[in-house]
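One structure is given below, encoded as structure tokens.
Only the coordinates and a few stated rules stand behind these numbers; no lab work does. Computed from a predicted structure; not experimentally measured. Note that each Cβ is placed from the backbone with ideal geometry, even for glycine, and that neighbours are counted across all protein chains shown.
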Amino acid sequence: MIGVVTPIDLRSDTVTRPDEQMRRAMAAAEVGDDVLDHDPTMAALEERVAALLGVEAALWVPSGSMGNLIALFLHLRRGDRFLAPLGAHVLDAELGTAAWLAGGMPHALHSLTPEAVVAAGGGESPYYGLRSSLLCLENTHNASGGTLTSAAGHEALVAAARSVGLAVHLDGARLWNASVALGVPLTALTAGVDTVQVCLSKGLGAPVGSVVAGSAAFVVEARRVRKMLGGGVRQGGVLAAAGLVALDRIDRLAEDHANAAALAAGLRALGWDVPAPETNIVLASVPELDKTLLVLREAGVLASPMAGKVRFVTHGDVTAADITEVLHRVREAA
Ligand SMILES: *Cc1c(COP(=O)(O)O)cnc(C)c1O
């Protein structure tokens, strides 16, 4: 129809749709009742992710939020304080479940440094003082614009947490992006953590699914909590099969990073205030957030609000040509 533009959707890397290959794998998946017997395809996915992350065991969960919640639920006693970087998904985007269901007292770290971890998490406190028990990391950091923690930075943070007796959970929703952008294996970014959560449904393109991982003993308990939360599924192999296909697509994330860099450079050339992205998330500072999102939408470019800025996320359903078209539409709309 003349005058109707197909929107280019950069709201999130969760908007990808499973392609033919993925749908065929889902249709053909070998399945069983996972609650009764452990579905074979889910078991295969969990084993593969555990090996990639360098941990003993892993558990498929329907969402990253549930993966994080299960980990926090098992790490925290009621009323324990946990530390997380300002803007962390567990603090701002999980409906308060870290407090409501896991019983944690959140403490946001305004700067995520080993010194800040030691200062906030350590030290003697009187018997009526808060007990700190967990550091929750996030790599890449969504609200900061998909920013990276290097392997050395990660190691220093984990060492700081350990030095004051904190356990460590890593929200690695986009840990794949971090591994590709830094050119290091995933194991370099999970070193020393107790538990880690990774999403299959972001840049890797699965329609559903995350994995929470750690020691074998953790996964035994995590399976019980997943069931409590309503996350025990039956023939989940249909979903896990998509995850197995997704894991073959980790290297492709480099394209998303290149597209994000091109988008940021193009926006800067148009006078926008946009730092160079480190991975697949571009954050633009604008004077009027709501108005800018509306103008973009009318021009056929979908973006989302994040930390008071416009967030554009590149993903597998967006090509380099689409980015050129986005920049064209933004220029026309201005
Ligand atoms: C997307 C995301 C999650 C999990 O989100 P779900 O929508 O529950 O799968 C967790 N942490 C971060 C940083 C995320 O971006």
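A few comments on the model shown:
- Sorting His315, His257 by the number of Cβ atoms found within 10 Å of their own Cβ, with the fewest placed first, yields His257, His315.
- Helix-only [θ]222 nm of the chain, DSSP H runs n ≥ 4, -39500 (n - 2.57) each, per residue, nearest 500: -12500 deg cm²/dmol
- Cα shape, the chain, gyration tensor, a/c 1.5 rule: oblate
- Fewest-first ordering of Val184, Val225 by other beta carbons within 10 Å of each residue's beta carbon gives Val184, Val225.
- Under DSSP loop assignment and at most 10 Cβ neighbours within 10 Å, longest GluC sites (Glu not before Pro)-free interval of the chain: 125-287
- Each residue in Lys309, Lys291 was given a count of other beta-carbon atoms within 10 angstrom of its own, and listing them fewest first yields Lys291, Lys309.
- For the chain, the longest principal axis of the Cα atoms and the long axis of helix 64-75 meet at an angle of about 20 degrees.
- Between segment 139-170 and segment 264-287, the alpha-carbon center distance in angstrom: 25 Å
- When the chain is treated as a Gaussian network with alpha carbon springs shorter than 10 Å, the biggest mean-square fluctuation among Ser65, Ser201, Ser111 belongs to Ser111.
- Computed about the Cα centre, the dipole magnitude for segment 212-334 is approximately 640 debye when only Lys and Arg (+1) and Asp and Glu (-1) carry charge, each at its Cβ.
- Counting only residues at least eight positions apart within a chain, or on another chain, the aspartates and glutamates with an alpha carbon under 12 Å from that of Lys309 are Asp273, Glu288, Asp290.
- Neighbours of Trp272, meaning other residues whose beta-carbon lies under 15 angstrom from its beta-carbon, give a summed charge of +3 when Lys and Arg score +1 and Asp and Glu score -1.
- Over the chain, relative contact order from alpha-carbon pairs under 8 Å, at least 6 apart, %: 26 percent
- Considering only Leu135, Ala43, Gly172, and ranking their Cα positions along the charge dipole of the chain that arises from unit charges at the beta-carbon of Lys, Arg, Asp and Glu, the one farthest toward the positive end is Leu135.
- Helix axis angle, 320-333 relative to the chain longest principal axis, alpha carbon, degrees: 60 degrees
- Between 0 and 90 degrees, the angle of helix 253-269 with respect to the longest Cα principal axis of the chain falls at about 50 degrees.
- Restricting segment 63-127 to chymotrypsin sites (Phe, Trp or Tyr not before Pro) in coil, as DSSP defines it, with at most 14 other Cβ within 10 Å: Tyr127
- Here the Kirkwood formula, the inverse mean of 1/r across different C-alpha pairs, assigns segment 214-334 a hydrodynamic radius of 17.0 Å.
- Shape box of segment 140-287 [Cα atoms, principal axes, largest first, Å]: 53, 43, 31
- Unit Cα scatterers, Debye sum, segment 23-99: log10 I(q)/I(0) for q = 0.15, 0.23, 0.24 Å⁻¹: -0.71, -1.10, -1.14
- In sequence order, calculated HN-Hα J values of segment 121-127 (Karplus, 6.51, -1.76, 1.60; Hz; x Gly/Pro): x, x, x, 6, 9, x, 4
- Fraction of antiparallel bridges per DSSP, the chain only, in percent to nearest 5: 50 percent
- Positive-end extreme of charge dipole, the chain - chosen from Val220, Val15, Leu247 (charges on Cβ): Val220
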